[in-house]
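Q: Mind having a look at this structure? Questions to follow.
The values are calculated or read from the model by the stated rules, or taken from the named source; none is laboratory data. On a predicted model such as this, the values are computed, not experimentally measured, just so you know. Glycine also receives a Cβ, built like all others from the backbone with ideal geometry; neighbour counts cover every protein chain displayed.
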Amino acid sequence: MIDLHCHLLPGIDDGPTSMQESLELCRIAVADGITHAVVTPHIHPGRWGNTRASIQRDCAALQCELDALGIALQLGFAAEVRLTDELMGQIEREEIPYYGEVDGYQVMLLEFPHGHVIPGSEQLVNWLMRQKIRPLIAHPERNRQVMKNPALLQPFIEAGCWLQITGGAVTGHFGERAQAVARQLLEADQVTAVASDGHNSKARPPALQQAYASIASDYGEGRAQRLMNETPATIAAGQFDSKDDKALSTGTRYTASPGRRPWQKSISGGRGLSPTCPKCGCAGNGAASGCRRLSRCSRATCLSSVIRPWITPPRCVPPAVQWAWCA
Ligand SMILES: [Fe+2]
């Protein structure tokens with residue numbers, strides 16, 4: 001499974017407070033069947049001042065620790081971006097990390113306040129869409145105003161937003177009302193992805209297996225696959241495309257189901273899931289294939305741009321393929 005929303009980086013938000021705790025959460029995720037996780041620390045002005053650069057740096061550090069310890073979890077990074085009046089400036093300053101591009105739109109995990117839907121949010125969402133940024137709304141089923149009136153989500157859906165619900169909400173961990181809204185959205189097939197929103201090992205672990213089983217039982221295996229495997233793979237495709245990445249390169253596992261939604265492009269052969277040069281499309285290592293257009297890796301998850309200044313090899317040598325992109 002691929003978890004699109006979790007807080008695994010140490011000491012930068014309300015997730016784990018130490019590297020040891022982060023590693024414990026990663027072990028929990030792996031034991032639960034999660035092979036890939038896009039970490040999404042909070043970006044919330046005045047509370048959590050994370051930026052694209054700081055998240056990339058901390059994600060690289062955690063990935064190094066995972067690799068060194070043999071914990072089989074591949075990390076990507078984005079952010080859970082709080083909807084505030086500073087959002088437009090953050091975007092213009094390029095402080096926001098996105099999941100990646102799907103159908104011409106950068107996908108951004110957008111968090112509403114927990115208690116209500118701010119008046120004017122629709123206008124901001126429309127502005128985002130005009131900037132070719134598509135909000136993936138984080139856990140709408142846990143918004144107290146939405147819980148009272150789920151119809152509040154409809155204008156956002158019609159504007160082009162996607163919805164991410166929490167696995168724990170599906171299984172009742174966040175109360176009856178959140179569960180009812182989550183189920184209502186599932187019934188209407190309005191959910192784009194299910195993620196853990198994992199924060200800690202006890203109350204909110206990074207786990208999806210129970211939700212997967214519940215959705216597979218109630219809505220079919222195909223739906224569970226789509227919500228926790230296929231669509232997340234498409235959204236985060238550019239973050240995990242390594243030829244060494246067996247889980248993502250197994251074509252049969254990510255074959256798109258018939259009648260897929262527009263955002264579910266060719267999963268097994270789509271851009272980003274095959275080990276091709278991101279600049280010219282050559283197959284694999286630029287030097288080996290004769291490609292001369294590779295100069296510097298532009299991938300969000302490539303560690304080479306941030307790893308050298310502060311990590312000493314050989315303990316944290318990144319996968320060979322990532323060096324190859326930067327040859
Ligand atoms: Fe979150």
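Q: What residue, among those in region 13-32 that are in contact (Cβ under 8 Å) with a residue 24 or more places away in the chain and β-branched (V, I, T), is nearest to the ligand (Cβ to nearest atom)?
A: Checked region 13-32; the qualifying residue nearest to the ligand (Cβ to nearest atom) is I28.
Q: Scan region 135-176 for residues that are in a loop (DSSP other than H, G, I, E, B), under 12 Å from V191 (Cα atoms) and within 16 Å of the ligand (Cβ to nearest atom) and jot them down.
A: If the condition is that a residue be in a loop (DSSP other than H, G, I, E, B), under 12 Å from V191 (Cα atoms) and within 16 Å of the ligand (Cβ to nearest atom), then H139 is the only one that fits.
Q: I'm told F112 meets every condition in (1) within 16 Å of the ligand (Cβ to nearest atom); (2) within 13 Å of the chain's Cα centre (by Cα) except one. Can you identify the failing condition by its number?
A: (2) is the only condition that F112 fails.
Q: Right, here's the next one. Is it the case that T35 is polar (S, T, N, Q), assigned by TED's automatic domain parsing to the domain that holds Q74 and under 21 Å from Y99 (Cβ atoms)?
A: Criteria met by T35.
Q: Would you be able to tell me the number of residues in region 120-131 that are crowded, with 20+ Cβ neighbours inside 10 Å and either outside any helix (DSSP H, G or I) or touching a Cys at 6+ places or on another chain (Cβ under 8 Å) (or both)?
A: Matching residues across region 120-131 total 1.
Q: What number goes with the only condition from (1) assigned to a loop (DSSP other than H, G, I, E, B); (2) away from the ligand (no atom under 16 Å from the Cβ); (3) modelled with pLDDT of 95 or more that P10 does not pass?
A: (2)
Q: What residue, of S196, S201, is within 16 Å of the ligand (Cβ to nearest atom), surrounded by fewer than 18 Cβ atoms within 10 Å (Cβ to Cβ) and under 21 Å from the mean Cα position of the chain (by Cα)?
A: Exactly one residue qualifies, and that residue is S201.
Q: So which strands (runs of 3 or more DSSP E) are wholly in region 36-100 and hold at least 2 residues that are within 16 Å of the ligand (Cβ to nearest atom) and hydrophobic (A, V, I, L, M, F, W, C)?
A: The strands (runs of 3 or more DSSP E) meeting that bar are 36-39, 74-77.
Q: Here is a check on your reading of the model: is L227 more than 25 Å from T35 (Cβ to Cβ) and without any contact (Cβ under 8 Å) to a residue 60 or more places away in the chain?
A: Judged against the criteria, L227 is not a match.
Conditions tested, residue by residue: (1) in the same structural domain as R177 (by TED's automatic domain parsing); (2) farther than 23 Å from S196 by Cα; (3) crowded, with 18+ Cβ neighbours inside 10 Å.
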| site | (1), (2), (3) |
| --- | --- |
| E80 | yes, no, yes |
| L83 | yes, no, yes |
| Y105 | yes, yes, yes |
| I118 | yes, yes, no |
| M147 | yes, no, yes |
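Q: Quick check on my filter: what residues within region 33-53 are closer than 25 Å to A211 by Cα and either out of contact with any strand residue (DSSP E or B) (no Cβ under 9 Å at 6 or more places or on another chain) or without any contact (Cβ under 8 Å) to a residue 60 or more places away in the chain (or both)?
A: Passing the criteria: G33, V39, P41.
Q: Which pairs turn up if I take residues in region 135-163 that are more than 25 Å from A236 (Cα to Cα) and look for partners that are small (G, A, S) with beta carbon separation below 7 Å, at least 6 apart in sequence or on another chain?
A: R144/G115; Q145/G115; M147/A178
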